[in-house]
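Chemist: Next up is a structure, given as structure tokens.
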Amino acid sequence: MLKEGNHDYFLWKRIKAGNGQAFQELYDRYADILFSFGMVYSRDRELVKDCIHDLIFDLYKYRKNLAENDNIRNYLFKSLKRKVLASAKKNLRLVYSENLTQETGNELRETDADENEDQQDQLSRINRLIGQLPEKQREILNLKFQLEMPYHEISDIMDISVESVRTSVYRSIKTIREQLEGKDMILFFVLMKGYSQLN
């Protein structure tokens, strides 16, 4: 049942009516998070940007045929995922470990040379472990830790139950933890950005 007090409900109604300001509001509100989400599925920044623009244009073009909606974010995520994967014309390629490497770079530069080299080795090992996870588990980890999505949103995007999402995250972390210890384990939690809601 639609929640008529929900901001998305009224924004969507304005979009369906072709209100230009509503489309601008939609873009301003969601463009950045859509870009981050799109980069989960492709490393081609321009492709992701083009897909976002195409998505907004399609919303305007087919506005009269849009179904009622009170959760715009999930609708946009699902639509963008389809567009990016279709545009790439190749199998899903997640970039979770690459993202972790880039985001950890600044922290590693602040250490001395020996420690830096040691952490780089540990980081490479963690990245290899992440890369060995099943594709769906890597996708869920990316949505959970890179985009900080709650379980129910991941569930909706992946078309699986919330419990399945929780189980996947738990199993992924358990698999990696079983092969790490000491400093490796500490670095792993640093890479997880301190997000501790794993259950």
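Chemist: Residues in the range 68-89 that are open to solvent by less than 50 Å² (accessible area, probe 1.4 Å), closer than 20 Å to Ala17 by Cβ and not hydrophobic (A, V, I, L, M, F, W, C): how many?
Modeler: The number of residues fulfilling the criteria is 3.
Chemist: Report, by residue number, each residue of the range 19-67 that is open to solvent by less than 40 Å² (accessible area, probe 1.4 Å), modelled with pLDDT of 90 or more and of a type in the set (Ser, Thr, Tyr).
Modeler: Within the range 19-67, just Tyr30 meets the criteria.
Chemist: Would you confirm whether any residue within the range 187-197 is in contact with a Ser or Thr (Cβ under 7 Å, 6 or more places away or on another chain), modelled with pLDDT of 80 or more and not hydroxyl-bearing (Ser, Thr, Tyr)?
Modeler: No: zero hits.
Chemist: So, one more: Looking at (1) part of a helix (DSSP H, G or I); (2) within 18 Å of Leu80 (Cα to Cα); (3) modelled with pLDDT of 85 or more, which one does Asn142 not meet, given that it meets all the others?
Modeler: (3)
Chemist: Something else now. Checking Met149 against (1) modelled with pLDDT of 85 or more; (2) more than 29 Å from Phe10 (Cβ to Cβ); (3) not in a helix (DSSP H, G or I), which single condition isn't satisfied?
Modeler: (2)
Chemist: Just for the range 138-176: of the residues that are basic (Lys, Arg) and touching a residue at least 40 places away in the same chain (Cβ under 8 Å), which one is least open to solvent (accessible area, probe 1.4 Å)? Step through it out loud before you land on a result.
Modeler: Narrowing the range 138-176 to residues basic (Lys, Arg): 138, 144, 166, 171, 174.
If we keep only those that are touching a residue at least 40 places away in the same chain (Cβ under 8 Å) too, we end up with 138, 144.
Numbers: Arg138: 48, Lys144: 21 Å².
So the residue we want is Lys144.
The values are calculated or read from the model by the stated rules, or taken from the named source; none is laboratory data. The shown structure was predicted, so the numbers you read here are calculated from the model rather than taken from an experiment. Cβ: placed from backbone, ideal geometry, glycine included. Neighbour counts: every protein chain shown. Side chains included, ligands, DNA and RNA excluded: accessible areas come from the protein's heavy atoms. Shrake-Rupley method; radii C 1.70, N 1.55, O 1.52, S 1.80 Å.
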